[in-house]
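Here's the structure we're looking at; comments come further down.
The values are calculated or read from the model by the stated rules, or taken from the named source; none is laboratory data. Bear in mind the structure is a predicted one, so any value in this text is a computation, not a measurement. Positions of Cβ are backbone-derived with ideal geometry, glycine not excepted, and every protein chain shown enters the neighbour counts. We work out accessible area using only protein heavy atoms, side chains counted, and drop any ligands, DNA or RNA first. Shrake-Rupley method; radii C 1.70, N 1.55, O 1.52, S 1.80 Å.
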Amino acid sequence: MTYNEDDYLQLSGIQHFEFCRRQWALIHIEQQWEDNYLTVSGELMHEKAHDKDFVEKRRNVITTRGMPVYSREMGVRGDCDVVEFIRDDENGVEIFGREGKYNVVPVEYKHGTLKDADIFQLTAEAMCLEEMLCCRIEYGYLYYGKTRKREKIDFTEEYRSRVIKDFEEMQGYYIKQYTPKVKKRKACNSCSLKDICLPKLETYKSAKKYIDMTIGEE
Ligand code: SF4
């Protein structure tokens, strides 16, 4: 099955979806968004990386920033922070307008420390690049601003299956315009949408009890 361009979901939504399915739905189905420290600092790092006109060639590496990618099979589109094309005339693929063949290596800039959600986003980008360039990509890197280090990520079958499963589930919610219910947990404390999501409300047995409690708090 392939998706129509009009139905493509935002690729970066997979990190929201992995964090909390409800958060993803609030942002991508209900179009609600609130910035907190974590999201603002993440955005600033991406603005730096997404200089779309940037193409640099150094020795045997061509570096691009903000390269648009998509997948008809998964029904997603997005941008890669950085894609490195490393010359390899034996194993690489041809790139339009360039001499020789290249290995393709996506690099994603991230805030904080290594998380599964970041790995799945990077894997999804690699899968889009594979579909677009008809090639196989074995690994990529996550760059963390805090440690200033690159973490090498091998794109295993396990990661690839998880990405496919996540996007299938997201497409299902999107078609039904369904927002999953609140499941309050520790992560809610750092969630940028906690005031919109109202996790407190779901933990009270009834609206009357919620009103009694909140009025009681004042
Ligand atoms: S507050 Fe909690 S339940 Fe609500 S969207 Fe955020 S993480 Fe999900």
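Summarising the label geometry, the points placed 7 Å from Cα in the beta-carbon direction at residue 2 and residue 32 lie 3.7 nm from one another.
The distance linking segment 124-154 with segment 101-116 is 4 Å (Cα centroid to Cα centroid, whole angstrom). Estimated at 0.36 nm per residue, the fully extended path between residue 91 and residue 198 surpasses their Cα-Cα distance by 33.3 nm.
The simple spin-label model puts a point 7 Å past each Cα toward its Cβ; for residue 56 and residue 175 those points are separated by 4.4 nm.
Of the cross-linked pairs 165/194; 110/165; 146/183; 165/186; 152/184, those separated by over 28 Å at the C-alpha level are 146/183; 152/184. Ligands, DNA and RNA left out, the accessible area of segment 5-180 computed with a 1.4 Å probe is 47% carbon and sulfur. What the Kirkwood sum gives for segment 5-180 is a hydrodynamic radius of 16.8 Å, with every pair of different alpha carbons counted. For segment 5-180, the solvent-accessible area works out to 56 Å² per residue, with a probe of 1.4 Å and every protein chain left in place.
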